[in-house]
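Notes follow the structure.
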Amino acid sequence: SMSVSRLWNNLILFFHVLIKPPKIWCLPQKSDVLVYDGNGLEVLIPYLRGYSLYVHYIRGEAVSVPCLIMSLFDMSFWRGKPLVAYGRQVIKRVAPKVVLTFVDNNKAFYRIAVDHQGVSTMFIQNGWRGSEFFENLSRVERYRVDYMLVFNRAIAAKYREYIQGKTLIAGSLKNNHYEEGFGEEAEVSGTVLFVSQYREKSGAIMSVGAQGRP
């Protein structure tokens, strides 16, 4: 049945993300910024210099044993959402001013600002988002992200249909991250490095990398 299949999938996820990974036996240190998901960390690091930082890994890179034990006392853990329960404990212990992620399509992230009063959240769009992605979002769920850094006005309007918060047009931070390594041609005046665009008909946002002279 569907419920048995979902339970099995949750058990597999629980094992690979919270049981199998290397263990950290101490509590997380309090930090100014908590980076939710280590994916894209290399892009974020240059903007976070001068702030104390904690990375909350959610892909099985490491797990805090004290936070895992405390998550057993969260009802979400027993309702089939162990990662949510574990994340809550991590955020409580780190007590960050800002929770930041480079993964803008994680629905669990949209609940953090609702569940943790006094914590600001921010996501940075990292790839195209088509109509299928938004169809899987709930219009009745309480989603909130305080600051959404997105590619352009079109996608900003689309996100605001589902998520409360302020949208800021930032283009593609990942594309802007590449400042060197393109060879001598990158220094030629008039070279086009990256373009981000929105296709209205398909409803998809695309990042296109290009190099050459216009």
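Annotations for the structure displayed:
- For the stretch 114-146, a residue qualifies if it is open to solvent by less than 10 Å² (accessible area, probe 1.4 Å) and part of a helix (DSSP H, G or I), and exactly one does: Phe134.
- Answer residue from the stretch 79-113, given it is in contact with a strand residue (DSSP E or B) (Cβ under 9 Å, 6 or more places away or on another chain), in a helix (DSSP H, G or I) and touching a residue at least 60 places away in the same chain (Cβ under 8 Å) and is surrounded by the fewest Cβ atoms within 10 Å (Cβ to Cβ) among those: Arg93
- Of all residues assigned to the stretch 63-78, at least one qualifies as being open to solvent by 60 Å² or more (accessible area, probe 1.4 Å) and of a type in the set (Phe, Trp, Tyr).
- Checking every residue in the stretch 179-190 against the condition of being open to solvent by less than 60 Å² (accessible area, probe 1.4 Å), in contact with a helix residue (DSSP H, G or I) (Cβ under 8 Å, 6 or more places away or on another chain) and either hydroxyl-bearing (Ser, Thr, Tyr) or at pLDDT below 95 (or both) gives zero matches.
- Total residues in the stretch 52-74, condition closer than 22 Å to Asn105 by Cα, part of a loop (DSSP other than H, G, I, E, B) and among the aliphatic types (A, V, I, L, M): 2
- Among (1) at positive phi; (2) out of contact with any Phe, Trp or Tyr (no Cβ under 8 Å at 6 or more places or on another chain), the one test that Gly40 misses: (2)
- Scoring Ser172 on the criteria (1) of a type in the set (S, T, N, Q); (2) open to solvent by less than 40 Å² (accessible area, probe 1.4 Å); (3) modelled with pLDDT under 50 leaves a single failure, condition (3).
- Checked across the stretch 148-164, the condition of being part of a strand (DSSP E or B), farther than 17 Å from Ala108 by Cα and either β-branched (Val, Ile, Thr) or open to solvent by 70 Å² or more (accessible area, probe 1.4 Å) (or both) holds for at least one residue.
- Qualifying positions in the stretch 47-56 - open to solvent by 40 Å² or more (accessible area, probe 1.4 Å) and free of Cβ contacts under 8 Å to residues at least 24 places away in the same chain: Tyr47, Arg49, Gly50, Tyr51, Ser52, Leu53
- Test: residue in the stretch 22-35 that is surrounded by 11 or more Cβ atoms within 10 Å (Cβ to Cβ) and of a type in the set (Gly, Ala, Ser): yes
- Checked against (1) in contact with a helix residue (DSSP H, G or I) (Cβ under 7 Å, 6 or more places away or on another chain); (2) modelled with pLDDT of 95 or more; (3) not charged (D, E, K, R), Val98 passes all but a single condition, namely (1).
The values are calculated or read from the model by the stated rules, or taken from the named source; none is laboratory data. Predicted model, so just to flag it, every value in this text is computed and none were measured. Neighbour counts are summed over all protein chains in view; Cβ atoms, including those assigned to glycine, are modelled from backbone coordinates with ideal geometry. In case anyone asks, the SASA skips ligands and DNA or RNA and just uses the protein heavy atoms, side chains included. Shrake-Rupley method; radii C 1.70, N 1.55, O 1.52, S 1.80 Å.
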